[in-house]
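The values are calculated or read from the model by the stated rules, or taken from the named source; none is laboratory data. This one's a predicted model, so the numbers in the text were calculated from it and none came from an experiment. Using ideal geometry, Cβ is built from the backbone for each residue, glycine included, and neighbour counts are taken over all protein chains shown.
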Amino acid sequence: MAYDLPDVAELQLLFAQYNSLHFDGQIPSFRIAYNARFSNVAGRITYKPPLIELSPKHLRGKPDDLRETLLHEMIHGWLHARGENSGHTPAFKRKMRELGLKSIYHDLGSAAPLNPSTKRYIARCEKCGMEVLRRRKPPANVVCARDRKPLTIFEITEMREVEPARAAHARR
């Protein structure tokens, strides 16, 4: 049977269980949520408002990664609650080892976007440089909200992978 992600109520329960089991209940309450927009992180914590967000794209089908990511973010919260530096400090790494976590990094692999973009147009203000992606072609008379200048409309006709900068730099 394939592992699917727990709902947010189950995530809150996991948070409470892990807090009690691994942190003696020292972490204040955090809201736990999924954030489907994450593309290069598996999780993130914010303290105001108290929120831990997890990437469904990177964690779907991976119960061990979900556990490790939640615990990783909880270590940040635990250190913050104790008034300590909540970064990836030696104290952070000690707690990780204590919990059996191996690395502060995840192999994010090449997970496909959950909702691939279907936006096909770019509206650009030539004066201020603001750009907006649009699914439908904007009307010809659309203007920039900042400086009221007409926007130039571009249709996206090709998607291609961009060569990494370091490889291009090495050839020079």
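Regarding S103, is this residue in a loop (DSSP other than H, G, I, E, B), of a type in the set (S, T, Y) and at pLDDT 90 or above? For S103, the condition - in a loop (DSSP other than H, G, I, E, B), of a type in the set (S, T, Y) and at pLDDT 90 or above - is not met. Being surrounded by 12 or more Cβ atoms within 10 Å (Cβ to Cβ), at pLDDT 80 or above and not small (G, A, S) is a description that applies to P150.
Among the residues in segment 18-26, are any of a type in the set (G, A, S), outside any strand (DSSP E or B) and under 17 Å from the mean Cα position of the chain (by Cα)? The answer is no; no qualifying residue exists.
The residues listed here are G83, G87, G77, G61; of these, the one that is at pLDDT 95 or above, assigned to a loop (DSSP other than H, G, I, E, B) and out of contact with any helix residue (DSSP H, G or I) (no Cβ under 6 Å at 6 or more places or on another chain) is G83. Residues that are basic (K, R) and loosely packed, with under 15 Cβ neighbours inside 10 Å within segment 46-58 comprise just one, K48. Just one of (1) under 19 Å from K102 (Cα atoms); (2) modelled with pLDDT of 90 or more; (3) in contact with a Ser or Thr (Cβ under 8 Å, 6 or more places away or on another chain) fails for P50. It is (1).
Going by the structure shown, is L13 within 17 Å of the chain's Cα centre (by Cα) and either within 21 Å of L101 (Cα to Cα) or crowded, with 20+ Cβ neighbours inside 10 Å (or both)? It is false that L13 is within 17 Å of the chain's Cα centre (by Cα) and either within 21 Å of L101 (Cα to Cα) or crowded, with 20+ Cβ neighbours inside 10 Å (or both). Among the residues of segment 16-45, which ones are surrounded by 13 or more Cβ atoms within 10 Å (Cβ to Cβ) and without any contact (Cβ under 8 Å) to a residue 12 or more places away in the chain? Once the filter is applied, which keeps residues that are surrounded by 13 or more Cβ atoms within 10 Å (Cβ to Cβ) and without any contact (Cβ under 8 Å) to a residue 12 or more places away in the chain, segment 16-45 yields only A16.
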